[in-house]
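Only the coordinates and a few stated rules stand behind these numbers; no lab work does. Source: prediction; values computed, not measured. Methodologically, a virtual Cβ is constructed for each residue, glycine included, from the backbone with ideal geometry; neighbour enumeration extends over all protein chains shown.
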């Protein structure tokens, strides 16, 4: 059974959500670069120090809700069942996330999540920080593969390919939802795209899109 959340933890969570929602309101109204952490603190009736007790940097006021996903690919691969490949485990993980309409795969119609997605997409500082976290996720996954005996170069290549699939799929789904499609409408295409992406990953590119050789006209046949 789940352990009950203590009063202290509930209050901490309430403060965290207050700071995140206040920051989102202010950043949408005035722009991310035009709002200071001190202003977010003042609007939330807390000190600037309190903000940094909850968030390591200003960007995390927006990105912090998803930081727990950074190590998930590494955990998924490390804990995969016998006989399962790393990419097979990630395929299963992403299909489950799609079925659950999780925000991390871009398939959530929560108004709050959609506001976050729009702000991130339109704010270079947030986009850059998000890329930094994606890099952390790739490094953690590569470390797991190295633990299993793969060379560092191979581990980095494998991790980059697996997580590039996740990033492209999530971005595609989020773009459609932000444009107004419902997650339920996007879901069948999202599942098909996931299956296709991991089929390519598993089989390799092979001869896909090999450019035909130019035909050569034998001399004297003009």
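Just subtract the alpha-carbon distance of residue 185 and residue 203 from 0.36 nm times their residue separation and send over the number in nm, one decimal. Don't jump to the answer; show the numbers that get you there.
Working: separation 18, 0.36 × 18 = 6.48 nm, distance 2.88 nm.
Stretched out fully, the residue 185 to residue 203 stretch lengthens by 3.6 nm.
Over the Cα atoms of segment 7-58, what Rg and Dmax result, in angstrom?
10.7, 35
Run the numbers on the chain and let me know its relative contact order in percent, using alpha-carbon pairs under 8 Å that are six or more apart. Walk me through the intermediate numbers first.
Numbers: 167 pairs, mean separation 44.4, N = 222.
Averaging sequence separation for qualifying contacts and normalising by length gives 20 percent for the chain.
Evaluate the distance, in nm, between pseudo-label points positioned 7 Å from the Cα of residue 7 and of residue 52 along their respective Cα→Cβ axes.
Calculated label separation equals 3.1 nm.
Taking neighbour Cβ counts within 10 Å as the exposure measure, how do 58, 49, 12 sort from fewest upward?
Working: 58 21, 49 8, 12 14.
Result, fewest neighbours first: 49, 12, 58.
Can you tell me the convex hull volume per residue for the chain, based on C-alpha atoms, in Å³ to the nearest whole number? Let's see the in-between values first.
Values: hull volume 49.1 nm³, N = 222.
Hull volume over Cα atoms, normalised by residue count, gives 221 Å³.
Normalised by the residues of segment 40-123, what does the relative contact order come to in percent, with Cα pairs under 8 Å and at least six apart? Present the calculation step by step, with values, prior to reporting the outcome.
Numbers: 30 pairs, mean separation 14.2, N = 84.
Across segment 40-123, relative contact order equals 17 percent.
Among 27, 52, what is the fewest-to-most ranking by other Cβ atoms within 10 Å? Write down the numbers at each step before the final one.
Values: 27 22, 52 14.
Fewest-to-most Cβ neighbours within 10 Å comes out as 52, 27.
Nearest 10 degrees is fine. How inclined is helix 152-178 to the longest principal axis of the chain, computing both from alpha carbons?
70
Show that you can apply the helix-only estimate: for the chain, add -39,500 (n - 2.57) for every DSSP H stretch of four or more residues, divide by all residues, and state [θ] at 222 nm to the nearest 500.
Working: 10 runs with 146 residues, N = 222.
Computed ellipticity for the chain at 222 nm equals -21500 deg cm²/dmol.
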